[in-house]
Structure formats: structure tokens, C-alpha cells
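Heads up, the thing below is written out as C-alpha cells.
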Amino acid sequence: MERESSIGRNQFQQQQLLRRRWAIPILATLLISFLIISAYLFSSSSSSLRLISSSSFSISQQRLSHSFKTPLFVESKIKPSPILSASNHSIPRLAYLISGSVGDGESLKRTLFALYHPHNTYVVHLDLEASPAERLALVAFVKENPVFDKFQNVRVIVRANLVTYKGPTMVTNTLNAAAILLKEGGDWDWFINLSSSDYPLITQDDILHTFASYPRHFNFIEHTSKIGWKETHRARPVIIDPGLYKAKKSDIIWVTERRGLPTAFKLFTGSAWMMLSRQFIEYCVWGWDNLPRTVLMYYANFVSSPESYFHTVICNAEEFQNTTVNHDLHLISWDRPPKQHPHILNKADFPKIAKSNAPFARKFHRDGTVLDMIDQQLLHREKEGFVPGSWFEGNTSNLEFKPVKDVSDLRPGPGAEKLKLLIDGLVNADGFDRKHCI
């Protein structure tokens, strides 16, 4: 028994010795493999880290250097148009919206003829209250006119919008037209919104020649923060515009609930007719800051929002509030205060019209006699013809066009002198730089 026990112990000791002999090379192999793998991983991560760090640093440098040149936007493809200074040789380009409703087709055509210049760009709109036949007639008129066809600068909004009196749909329609002009209208400097009840008092050569001398960032918008009676009758009531969700026009709906004044921004009000810079229109349409959208949502329930939306946006946007010129460039014969319903201008008003320094006037009846007087004595326009100017001598039977490349090619008349008196009086007035948005 003792011998068997001794043999067993010897066998166990031999097995333990054998295991120890195998353990050492295995551990050594594992250690060497670990060191090799660790060295490889460390070298790869160091290389990757250097690449990532280098790329990140390069990107950071690019972004940092870019931030000193142009603003950074959430929309990576959006860049604001450069602000151009006035030049004595550069002709500004105007982008017009001319809008109307049912029965306004002929008035709209007449206004378009009186405003037309090949250097400008135009959008015309008959709202959904107009019949499809009336809108199609407008489309055919633009398409078949040989001048419009040649210069391709008149567009008709075929998918018409419903526009409600005193509702926000007029604002949305204006923004829609502005977006079309930004997308398809090429390069332009100022946006002007007019209706078929408006009419020019001077020629486009007069307007282009005059505005060539002024900075392109000016925004001609009548405005004030003294809203007075409008606080009670406009700001505090809540309305719903059926034109936002119905296919047929109806009056705005008044809600019994009233609301307080906003505290996130300050309210401004003024005229619904304006001449706005391209930079400001881009800001309103593209909205790299959220203010235009926030204010638009607020004015969705505001009475007569066209008289307040753009005014409130521009005067609460730090980068634009010092670009305002407090005038709507219109001659308007108002009723007695509160100046809510303009008188219809007639031939008895012509002496006042002829003396006015404003480039536009409103409100006119369709085919009123006074419009014939303006055509004959101020614009020298033939019936159903264009206003003669540098580009067109006025002979409709033999259409010949002259190129207009710089200001020297324009042919300004007395209207240019009157308009310059108006603008100079506004921008050279004492305290002009201190009277923005007050």
C-alpha cells in the first residue's frame, strides 16, 4: 500500500512539472501577442486621431474664417445677397407684384402696361375669387404679347391664392409672389407691391434713373410704433381668416376672446404699400432667423395684418431696423381720421396728382377718366400701349427696342426731378439716422 501511494505521488508530481513547463511558453506567447496587437492598435488610433484632429482643425478654421465673412445659417445653401452701394452707372432692377381680384383683369393689364420696362421683372396675380376664364384670359394676354414674350420678364401666378380683406392671406400672397421672384426673377434690387387700383404717375425711366443714386439697402416703408386706436381695434381682437382653409372667399371671423399685447417683440403699423430691399425680402422668405416666422404666426389672427407684418419684422430685426425710409411712395387721398378708407381719385384730383412728387397713386376706379389724363399728360402713353422711354419710342406698329445698359441710356423726364426731391427730402432730413423705427 505504501509503495502504491509512493508511485501515485510521483506520477502527480510529474504531471504538475509538465503543466508548469507548458504554462511558461503559453504565457510568453500571450504576452508577446498582446504587445504586438497593442502596438498596432495604438499606432492606428494615433494615425486616425491625427487625421481626425487635422480635419477637425481644418474645418474649424474654415468655419471660423467663414464666420467673419458672412453669417452662418441653419440652411447651408442659403447666402444673403450682397448689399450693393449706389452707382451712377448701375441701373437698379425692380421686381413688381401687381394683384387684383374678380373683375380686375382689365385694370391689371392697364397697370402692367403703364409700369412695364424690360429691365424690370413682374408677377401678376388674380385671386381665386376671379373666375378661371378671367385668369386664363390674363395668362393668354401675357403669353401672346410679343414684348413680354421677347423679354420673358412677366409671370402670372396660375395657382391663385384666396385673399381676404383685412385678413393675413394678403401677407401670404405677397410672400408667395416674393418667393417666385427670388426663384425665377433673376437679380433685382427692390420689391414693390401694388394692386390693380394703383397707377404710376411717372415713367419707369424716371424711377430707375432716380433710384440709381440711392443705396440698395433702403426700405421704403411707412411705419410707426404709436399704434393708438389700433391697439383696441386691431391688436387685442382675435380673428380667423377663412381664406387660409376655404376655397371660397368669406369675411373674417371674429372671436370673442381678446388677447394682450406681445412682449417678445414690439408692434409697428403703417401703410400696406411699400418698396422693400432684396436683402430684407430674402430675410422674410428664407428666415435664417426665426423672427419672420414667429411674427407671421402672430399676425395670422390680427386684423389688417398687411398694415403691420412687414413693419413689425423690419423694426424688430437689428440688422434691418436702420434701413427704413418712412414713406410708402404713394399719393393717397384719405378720409378723415383714422385714415382707413382712401377716397377714389377722379379728374377733379388731377391738379394734385400732377403736382405730386410720389411715383404712385391710389385708389382709382377701373378705367376712370383721370387715368386717361395721367396717360396723356404725364406718361404720354397710348391706349393699350407701353410708356415711351429709352427702350421704346412708342411706335406700336413697328416694335423696335433699344438696349439699356447703364444710367446714361435712360431717358428721364420731369418725373425724375420730382421723385429726387421727395427722396432727398426724406433721407437728408434732420435726424434721419435717429428716426428709424420709432
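A simple count of charges around ARG234, restricted to other residues whose Cβ falls under 10 Å of its Cβ and scoring Lys, Arg +1 and Asp, Glu -1, yields +1.
Among the listed pairs LYS166/LYS383; LYS166/LYS363; LYS143/LYS183; LYS166/LYS352; LYS226/LYS347, those whose Cα-Cα separation exceeds 23 Å are LYS166/LYS383; LYS166/LYS352; LYS226/LYS347. Note on segment 94-434: Rg/Rh from Cα positions, Kirkwood definition for Rh, rounded to two decimals, is 0.95. By the count of neighbouring beta-carbon atoms within 10 Å, fewest first, THR172, THR111 end up ordered THR172, THR111. What's the local net charge at MET373, with K and R +1, D and E -1, over the other residues with C-beta under 11 Å away? Overall, the nearby charge balance is -2.
Shown for ASP430, ASP206, ASP187: other C-beta atoms within 10 Å of each C-beta, ranked fewest to most, produce the order ASP430, ASP187, ASP206. Counting neighbouring Cβ atoms within 10 Å and putting the fewest first, the residues ASP205, ASP406 line up as ASP406, ASP205.
Taken together, the values in this text are just the output of simple stated rules run on the coordinates, not laboratory data. Everything numeric in this text was worked out from a predicted model, so none of it was measured. Virtual Cβ from ideal backbone geometry, glycine too; neighbours counted across all protein chains shown.
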